[in-house]
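Below is one structure, written out as structure tokens; comments come after it.
The numbers here are math on the coordinates, done by the rules we state, and not lab data. Computed from a predicted model, the values in this text were never measured in an experiment. With ideal geometry, Cβ positions are generated from the backbone for all residues, glycine too; neighbour counts draw on all protein chains shown.
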Amino acid sequence: MTDFDNAKVLVKEGWLQGYTQGNLKIFKGVPYAAPPIGERRFKKPFPAGHWRGVRKAVAYSAAAIQYVMPEPEGETADSLPIIQARSQYEEDCLYLNIWSPAKTAEDKLPVFIWIHGGGLFAGSGVECVCDGDGFAKRKDVIVVTINYRLNVFGFFAHPDLTKEGGGCSGNYGLHDMRMACQWVKDNIAAFGGDPERITIAGQSGGGAAVSTILTSPLMNGLAKRVSIESGNVYWGFMYPFPLSEMEERGVKFMERVGAKSIEELRAMDAWEIFDAYHEIPYPNGFSFCVDGDFIPEPFIEMMDAGRINDFDVLIGSCSQEFPAVGKDGISVEDYEKYLEEAFPEVADDMKCWYPAATRDEAAKMCATISSDIMLVGSIKMAQLCHQYGRNAYVWLMNKENETERGHREGSPHCAEMPYVFGRVDKGEANPFFDYHWVGADYDFMELIQGYWYQFAAKGDPNGDGRPEWRPYEKEFDICLLGNDTHMLTEEEQKRYVYYWEKLHEKRPTSTYYMGRLGRV
């Protein structure tokens, strides 16, 4: 039988040999699907298959093919806005990693599956900030991170593939996620996990994917809960395209690379395909689409009709997700002019809600406004979940780095990740950069890990003396996560009431960038 004490585990495909680190059993580079290469390119994933003997699971696998950012000498948070995983990048990338604090295979701990961000075109499950040890070693939770196909390899669509696939094509990356979750459901008990307490979590592009997981009929029953971090699709900054648009892009791409058939495209070198793809401006690349399969209908229509899986939902974002003006900031005069032109009916209220006396403060407030508008999509999703009998909790994080820069720029995109994953001394303006934590950071890590753990364990983040976090039942039930964590007061809710009314008035049904209501 399984030699759990020595990190030797028997899964359905064969024996895995991991390693022990402190109180954790760690398994890296575990195949959850067959390599998606050759004839398997641009198809749904295939099962990994069995192996003989004992498979070593002690090192990360390759990340998905993507742009490999150069590493100049003396890199800083200013010179490299995004740091990708220090990893090999290959088409053979369908692997996952497991951190288990279970003492025996019978412990039945909750399971937290992480789907990385990167806009569905970059990133990996081996990024230093989302190693699972910082969460798993502090809480009784098994952490799983996965890789999945990205960009052209994960989302290429074409009319010939639609015919080949029985009416749908594209979204292979989403199907990868499904197979990874199925693998976890089938095997996690051997690692001390509870297959009936699986939470699927994701951030940014991964959060958008988890939004679709919330409604995809193919995911029903594979998890108990979802956590959507800065990735709401309802009025969000990512939205599934129509299949016809992705197919049209696919036809143009085939012409671009000179492939006369899907067979020829599958026979091409992977990096040759990617290099041609990388020359295409980002907005014209491949992304998720309404394929009639994983995403059977437009997302908003599914949510509005209550076609929502029976999952508990944790959803929210940060208070200054993305800069809304240039690096030189904006003058107070121009900022107030912007408020008067963009929000004429509530300009005076906006000046009270978002006060600014300096260029830096004005720039921070512009980012706050666009982020608050983004949050309304999360509020809408939670409202619909509650309406249709689902359990939802909404958060807004305003925790800042305790530095001059941190207080100047606020709580940006990805800011929650170092705290959720317990990556001490990371998070300076970007989760990948060094930042010397102080007491308030450790306190916040304990707070947010406690909330996330209890949600994964019970579907309710409350407990252990943390500030009360009410489920979404009344309009604008939102928990502000920070140094002063609390449910929003009526006064703090007023701005969201205004955005809620404006967004319902506009009823956007396609990609809705956060600042569209009033761009700076």
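Labels on offer are (1) 84, 64, 51; (2) 70, 56, 53; (3) 67, 53, 40, and the one holding Cα extents along the principal axes in Å computed from this structure is (2). Candidates Gln454, Leu16, Phe476 compared by Cα position along the dipole of the chain: farthest toward the positive end lies Leu16, with charges placed on Cβ. Within the shell defined by Cβ-Cβ distances under 13 Å, the residues around Pro36 carry a net charge of +1, with Lys and Arg each +1 and Asp and Glu each -1. So which of Lys12/Lys380; Lys44/Lys139; Lys337/Lys426; Lys103/Lys458; Lys12/Lys224 end up more than 29 Å apart by C-alpha? Exceeds cut-off: Lys12/Lys380; Lys44/Lys139; Lys337/Lys426. The region of the chain that goes longest without hitting one of the GluC sites (Glu not before Pro) in a DSSP loop, each with at most 14 other Cβ atoms within 10 Å, is 280-467.
Taking a ≥ b ≥ c as the square roots of the Cα gyration tensor eigenvalues, with a/c under 1.5 meaning rounded and otherwise prolate when a/b beats b/c, else oblate, which class fits the stretch 293-345? In terms of gyration-tensor shape, prolate. Along the axis of the charge dipole computed for the stretch 322-432 (Cβ charges of +1 for Lys and Arg, -1 for Asp and Glu, origin at the Cα centre), the listed residues Pro344, Ala357, Gln383 are led at the positive end by Gln383. Beta-bridge orientation, the chain: approximately 35 percent antiparallel, per DSSP, counting only bridges with both partners inside.
Computed from the Cα positions only, the extents of the stretch 184-332 along the three principal axes stand at 55, 48, 35 Å, in decreasing order. With a simple spin-label model that places each label point 7 Å from the Cα along the Cα-to-Cβ direction, the separation between Glu196 and Tyr19 comes to 3.6 nm.
Pick out, from Asn232, Ala62, Asn430, the residue whose Cα sits farthest towards the positive end of the charge dipole of the chain, with +1 on the Cβ of Lys and Arg and -1 on the Cβ of Asp and Glu. After comparing all options, I get Ala62. Overall, the stretch 359-478 carries a charge dipole of about 460 debye about its Cα centre when +1 sits on the Cβ of Lys and Arg and -1 on the Cβ of Asp and Glu, all other atoms neutral. To the nearest Å, what is the center-to-center distance of the stretch 347-367 and the stretch 250-268, using C-alpha atoms only? What the calculation gives is 50 Å, centre to centre. When only the Cβ of Lys, Arg, Asp and Glu is charged (+1, +1, -1, -1), the dipole of the chain relative to its Cα centre reaches about 1720 debye. Full extension of the segment from Glu90 to Lys458, taken as 0.36 nm per residue of separation minus the current Cα-Cα distance, would add 128.7 nm.
Where Rh is the Kirkwood radius over the Cα pairs of the stretch 127-173, the temperature 4 °C and the viscosity 1.567 mPa s, what D in µm²/s does Stokes-Einstein return? For the chosen part, D equals 98 µm²/s.
Each residue of the stretch 211-293 gets 143 Å³ once the volume of the Cα convex hull is shared out per residue.
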